[in-house]
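Enquirer: For reference, the structure I am asking about is given below.
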Amino acid sequence: MGKVLLGKSGMAVSKIGFGGIPIMRIGEDEAINVIRRAIDLGIDWIDTARGYSDSEEKIGKAIKGLPRESIRIFSKAPGKTPEKLKEQLETSLEKLDCGYLDMYQFHLVRSPADWEAMKKNGTLDLLKEMKSKGLIKHIGASAHHIEAALALLDDEFIEVLQWPFNFIMEAPGLEVMGKCREKNTGLIAMKPFGGGQLDNARVCIRYLMQYPGVAPDPGMMTIEQVEEVVGLANLPSQLSIKDKAEIKKLKTELGTHFCRMCEYCMPCEHGVKITTLMRIDSFIKRLSVEQVVSESMKEAVESVTSCVECGACETKCPYDLAIMQQIKQAAQRYQQFVEENS
Ligand code: SF4
Ligand code: SF4
């Protein structure tokens, strides 16, 4: 498989990585087989997170016995203080049990203010120290908000950024990609399938393959998915006329109900957890049953009952989504899922 250079980190990685979310939903042996098939087919980096349930443990077991330098392991954690992040990094190292991590990332930096606070309170210094000790090789970050992403890209210590990039979220994706190039920061395209909202693997992968220097890490949980994605990544990088037509069609169809997670609609004065509700289908598709039916998720979904239909959220949504209708439908699908899985 061809390689992508992750900017100033100097890491040349396979064009496609292995995203570690969906393996939370399958058994350990199955997960190990899927990961090993991905490695056999040329995928040489895996991205996971402290927050992905048992994903780190499964990955650690799958790579046991392989030459350590043959596969790059990236993980991340949400700690916003050095104490918390240190504890999370130590747990990641223990669960992955692979000696060192090729990259550790600040998971979901929410705003420039968040990032400033993390620099001031020593959270960035902690990863610099861990890097100097050789426990991690590189420092990265992930973000969902453009302001946070741009602030991170202004920082010389962030070697690689993870950003949600797919053809529905094209404009912010291109903006972030442009700044990554300018700053020589590596770019990992997370959520290439729109967090589970886009089903057409062919156009999702082919869309991103047209951009040199962008490395997507689709989540995969079957050997068939791995083989399909690797096959697509190995095709010539130019989009065909058919692909372009399909992307245009999907953009038109999905544009009317695809939540970009920009959070402009938040907060709701009545306490409705709009963005959680808007992502219910994605959670059901990607997370483990235990995570989906957790008390915190149930509580968030129940917040839909506080909606007084004031419409304030819809006036703030730049994509004109029918939020009031979508959150109610999402809550119904969630209830159905809970009933089917209890
Ligand atoms: S319509 Fe409902 S969810 Fe939207 S802002 Fe008003 S109360 Fe909140
Ligand atoms: S509903 Fe609209 S405003 Fe709210 S997060 Fe989604 S896209 Fe953004």
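Enquirer: Quick one: which residue in Ile168, Ile146 is at pLDDT below 95, touching a Lys or Arg at 6+ places or on another chain (Cβ under 7 Å) and over 25 Å from Ile71 (Cβ atoms)?
Expert: Step by step, each of Ile168, Ile146 is checked, and only Ile168 is at pLDDT below 95, touching a Lys or Arg at 6+ places or on another chain (Cβ under 7 Å) and over 25 Å from Ile71 (Cβ atoms).
Enquirer: Right, another one. Which residues, taken from region 300-310, are open to solvent by less than 30 Å² (accessible area, probe 1.4 Å) and touching a Cys at 6+ places or on another chain (Cβ under 9 Å)?
Expert: Across region 300-310, the qualifying residue is only Ser303.
Enquirer: Would you confirm, using the coordinates I've provided, whether Thr275 is away from ligand 2 (no atom under 16 Å from the Cβ) and among the hydroxyl-bearing types (Ser, Thr, Tyr)?
Expert: no
Enquirer: Which pairs turn up if I take residues in region 289-311 that are touching a residue at least 40 places away in the same chain (Cβ under 8 Å) and look for partners that are within 16 Å of ligand 2 (Cβ to nearest atom) with beta carbon separation below 7 Å, at least 6 apart in sequence or on another chain?
Expert: Note: pairs meeting the criteria are Val292/Phe283.
Enquirer: Also: Kindly establish whether Thr252 is exposed (fewer than 14 other Cβ atoms within 10 Å of the Cβ), within 16 Å of ligand 2 (Cβ to nearest atom) and at pLDDT below 95.
Expert: Here the answer is no, as Thr252 does not meet what is asked.
Enquirer: I'm trying to understand the selection: among the residues of region 311-327, which are open to solvent by less than 80 Å² (accessible area, probe 1.4 Å) and either on the phi > 0 side of the Ramachandran plot or more than 10 Å from ligand 2 (Cβ to nearest atom) (or both)?
Expert: Matches in region 311-327: Gly311, Ala312, Met324.
Enquirer: Something else: Identify all residues within region 261-299 that are under 26 Å from Gly311 (Cα atoms), open to solvent by 30 Å² or more (accessible area, probe 1.4 Å), assigned to a loop (DSSP other than H, G, I, E, B) and not small (Gly, Ala, Ser); write none if there are none.
Expert: Matches in region 261-299: Cys262, Glu263, Tyr264, Met266, Pro267, Cys268, Glu269, His270, Lys273, Arg279.
Enquirer: Among the residues of region 227-249, which ones are touching a helix residue (DSSP H, G or I) at 6+ places or on another chain (Cβ under 7 Å), in a helix (DSSP H, G or I) and either within 17 Å of Asp199 (Cβ to Cβ) or open to solvent by 30 Å² or more (accessible area, probe 1.4 Å) (or both)?
Expert: Within region 227-249, Glu228, Val229, Leu232, Asp243, Glu246, Ile247 meet the criteria.
Enquirer: Picking from Lys84, Lys80, which residue would you name as being modelled with pLDDT of 95 or more, open to solvent by 70 Å² or more (accessible area, probe 1.4 Å) and not polar (S, T, N, Q)?
Expert: Criteria check complete, one pass: Lys84.
Enquirer: Here is a further query. Between residues in region 134-145 that are within 14 Å of Thr48 (Cα to Cα) and residues that are assigned to a strand (DSSP E or B) and polar (S, T, N, Q), which pairs lie under 6 Å by C-beta distance while being six or more apart or on different chains?
Expert: Going by the 6 Å Cβ cut-off, the qualifying pairs are Gly140/Gln105; Ala141/Gln105; Ser142/Gln105; Ser142/Gln162.
Enquirer: Given the criterion in a helix (DSSP H, G or I) and among the basic types (Lys, Arg), identify the matching residue among Lys76, Lys58, Lys80.
Expert: Matching residue, one of Lys76, Lys58, Lys80: Lys58.
Enquirer: Among the residues of region 213-226, are any away from ligand 1 (no atom under 16 Å from the Cβ), part of a helix (DSSP H, G or I) and in contact with a helix residue (DSSP H, G or I) (Cβ under 7 Å, 6 or more places away or on another chain)?
Expert: The answer is yes; a qualifying residue exists.
Enquirer: Further question: Please state which of the following conditions Ala330 fails to meet, knowing it meets all the rest: (1) open to solvent by less than 50 Å² (accessible area, probe 1.4 Å); (2) in a loop (DSSP other than H, G, I, E, B); (3) within 15 Å of ligand 2 (Cβ to nearest atom).
Expert: (2)
Enquirer: Could I ask something else about it? Taking region 305-342 as the region of interest, how many residues are among the acidic types (Asp, Glu) and either more than 10 Å from ligand 1 (Cβ to nearest atom) or under 20 Å from Lys285 (Cβ atoms) (or both)?
Expert: Here the count works out to 3.
Enquirer: Between residues in region 254-270 that are touching a residue at least 24 places away in the same chain (Cβ under 8 Å) and at positive phi and residues that are within 16 Å of ligand 1 (Cβ to nearest atom) and β-branched (Val, Ile, Thr), which pairs lie under 7 Å by C-beta distance while being six or more apart or on different chains?
Expert: Within 7 Å, the pairs are Met261/Thr275; Glu263/Thr275.
Enquirer: Can I ask one more? Keeping to region 210-226, report how many residues are under 15 Å from Gly196 (Cα atoms), aliphatic (A, V, I, L, M) and open to solvent by 40 Å² or more (accessible area, probe 1.4 Å).
Expert: Qualifying residue count, region 210-226: 1.
The values are calculated or read from the model by the stated rules, or taken from the named source; none is laboratory data. What you are looking at is a predicted structure, and each value in this text was computed from that prediction instead of being measured. Every residue, glycine as well, gets a Cβ built from its backbone with ideal geometry; the counts of neighbours run over all protein chains shown. Keep in mind that these areas ignore ligands, DNA and RNA; they rest on the heavy atoms of the full protein, side chains included. Shrake-Rupley method; radii C 1.70, N 1.55, O 1.52, S 1.80 Å.
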